[in-house]
1. Could you list all residues from the range 120-157 that are in contact (Cβ under 8 Å) with a residue 24 or more places away in the chain and of a type in the set (Phe, Trp, Tyr)?
2. Select from the range 28-62 the residues that are small (Gly, Ala, Ser), in a helix (DSSP H, G or I) and free of Cβ contacts under 8 Å to residues at least 40 places away in the same chain and list them in ascending order.
3. Pull up the range 106-133, narrow it to residues that are surrounded by 16 or more Cβ atoms within 10 Å (Cβ to Cβ) and under 8 Å from the mean Cα position of the chain (by Cα), then point me to the one that is modelled with the lowest pLDDT.
4. Could you please give the count of residues in the range 47-62 that are of a type outside the set (Ser, Thr, Tyr), over 13 Å from Leu15 (Cα atoms) and surrounded by 10 or more Cβ atoms within 10 Å (Cβ to Cβ)?
5. I'm trying to understand the selection: among the residues of the range 139-183, which are modelled with pLDDT under 80 and not in a loop (DSSP other than H, G, I, E, B)?
6. Can you name the residue in the range 6-46 that is small (Gly, Ala, Ser) and either within 17 Å of the chain's Cα centre (by Cα) or open to solvent by 50 Å² or more (accessible area, probe 1.4 Å) (or both) and, of all such residues, is farthest from Gln111 (Cα to Cα)?
7. Please give the number of the condition Met41 fails out of (1) aliphatic (A, V, I, L, M); (2) touching a Lys or Arg at 6+ places or on another chain (Cβ under 9 Å); (3) at pLDDT 90 or above.
8. Mind checking which residues of the range 63-77 are free of Cβ contacts under 8 Å to residues at least 24 places away in the same chain and either surrounded by 20 or more Cβ atoms within 10 Å (Cβ to Cβ) or part of a loop (DSSP other than H, G, I, E, B) (or both)?
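The values are calculated or read from the model by the stated rules, or taken from the named source; none is laboratory data. On a predicted model such as this, the values are computed, not experimentally measured, just so you know. Counting neighbours? That spans all protein chains shown, and the Cβs are built from the backbone with ideal geometry, glycine included. With ligands, DNA and RNA removed, areas are computed over all heavy atoms of the protein, side chains included. Shrake-Rupley method; radii C 1.70, N 1.55, O 1.52, S 1.80 Å.
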Amino acid sequence: MSEGTSFKREMLATLPSLRAFAVSLTGKHDKADDLVQDTVMKAWAKQSSFEMGTNIKAWLFTILRNEFYSQMRKRGREVQDTDGIFTERLSVHPSQYGSMDMEDFKKALSQLPDDQREAIILIGASGFSYEEAADICDCAVGTMKSRVSRARTRLADLLKVNGESDYGPDAVSSQVTAGSGHI
């Protein structure tokens, strides 16, 4: 297999993760798709600067992040959703508790400062190590750890999570799933 074919295969395998990260940054699926496309185009044009055998996922995430912030600087400002109108338009009344929990989580995640949201997504959702995430964000590892810690604490506050008992099914759901009979 040629280096170009290998590069293409590895880049394509990273697309779902890139798109998820782009959605978390932009908040809009169409803008995320455009951002991923811009990232892929830049990566393809610069593939000679990528060293095969190194972490292509981290390299692509760095390109995507830099492209996002470059676009934000060009626009001059970021669209704010302080009154929650945009978030409400995206949400759908779920038919299951898990869907409601996910909506609550997405809403809380959107309330985090950009650097904390980015950090928690890179570490918690995208599976990067602290070192890789720090490289992507061009900051110190300690800074990345601090951002993740602050993000976790803030999410727990926003979601009113106080301890282990707040995870999993509530008392009513537990009785139903355990088959203990009547509610």
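1. Phe128 - this is the single residue of the range 120-157 that is in contact (Cβ under 8 Å) with a residue 24 or more places away in the chain and of a type in the set (Phe, Trp, Tyr).
2. Ala32, Ala43, Ala45, Ser48, Ser49
3. That would be Ser126.
4. 4
5. Glu164, Ser165, Asp166, Ala171, Val172, Ser173, Ser174, Gln175, Val176, Thr177, Ala178, listed by residue number.
6. Filtering first and then ranking leaves Ala45.
7. Answer for Met41: the failing condition is (2).
8. Gly76, Arg77
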